[in-house]
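To start, the structure itself, in structure tokens.
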Amino acid sequence: MDLSKTIQGLPNSATGYFGSMAESYDSLIHRAVPRYDEMIARLLDYLPPDPRRVLELGCGTGNLSLRLAKTFPRAELTLVDGSAEMISLVRSRIDESRSDSNSRFAYVEARFEALDLPPGSFDLVVSSISLHHVEDKAALYRRIRGLIPAGGRFCFADQIRGEPESNHRVNWDHWLDFCREPGHCTHEEIESLLDHAAAHDHYVPLSEHVAMLSASGFAEIDCVWRNWMWGIVTATAV
């Protein structure tokens, strides 16, 4: 599919941007995110073995959601996204893929900052390439900590700003080189991604993530995988 026709004129918000391209998102993410499938697999490697209540922030088209459902067959999963189109798509994918009851799945259309869920509701909170859309991460991390009892886990994959700035530039340039490889992104797609990033993405370095997580009540904070801008961070609620 030629996404250059789809991307032109997309809405200005992060929610609108991805909602408008729900059907074509999977194609773009594999062409614009280096080692995407490996990153999802590594995130799953570091999750606790048998959580019973799992919250996913930013379910998108369900790439991680489907893996969570298979990995944790006894868990109740709550899937959150700000896009109604993405929620509809992931619900359809899960309905088509499951032979057992779908009663263990809940779907919430909401911005992460506006989530209203009972304290201590989840053993595990996960997210993949979504948290960089949130500007006030300190407030979000405090909110997430309130959803997890002591001993629960928070694990996410996301874009992380390089530190010092020269490191970030190296990572950024490698990403653009990847996008420009034959068969990856068109010029129009790259320009749209850059415009969206400038308007809506909020990257912070690993040191700031660690500081904010620590201040929010997390410990055992680790970066368990890194590839240029993308990394996986794990933390335990205390």
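Worth pointing out:
- The residues on offer are E96, E85, and the sole one that is of a type in the set (D, E), open to solvent by 40 Å² or more (accessible area, probe 1.4 Å) and touching a residue at least 60 places away in the same chain (Cβ under 8 Å) is E85.
- Tally of residues being closer than 19 Å to V224 by Cβ and not acidic (D, E) across the range 138-162: 14
- Look at the range 180-194: where a residue is more than 15 Å from V33 (Cβ to Cβ) and a partner is surrounded by fewer than 16 Cβ atoms within 10 Å (Cβ to Cβ) and charged (D, E, K, R), sitting 6+ places away or on another chain with Cβ atoms under 9 Å, you get T186/D2; H187/R180; E188/K5.
- You will find that of L43, L28, L64, the residue that is part of a helix (DSSP H, G or I), in contact with a Cys (Cβ under 7 Å, 6 or more places away or on another chain) and either surrounded by 22 or more Cβ atoms within 10 Å (Cβ to Cβ) or not acidic (D, E) (or both) is L43 and no other.
- Residue list for the range 69-105, filter: among the hydrophobic types (A, V, I, L, M, F, W, C) and more than 20 Å from L117 (Cα to Cα): A69, F72, M86, L89, V90, I94
- Total residues in the range 120-148, condition assigned to a loop (DSSP other than H, G, I, E, B), in contact (Cβ under 8 Å) with a residue 60 or more places away in the chain and under 17 Å from the mean Cα position of the chain (by Cα): 4
The values are calculated or read from the model by the stated rules, or taken from the named source; none is laboratory data. Being a predicted model, the structure only gives us computed values, none of them experimental. Ideal geometry is used to build each Cβ from the backbone, glycine not excepted, and the neighbour counts take in all protein chains shown. All accessible areas refer to the heavy atoms of the entire protein, side chains included, with ligands and DNA or RNA removed. Shrake-Rupley method; radii C 1.70, N 1.55, O 1.52, S 1.80 Å.
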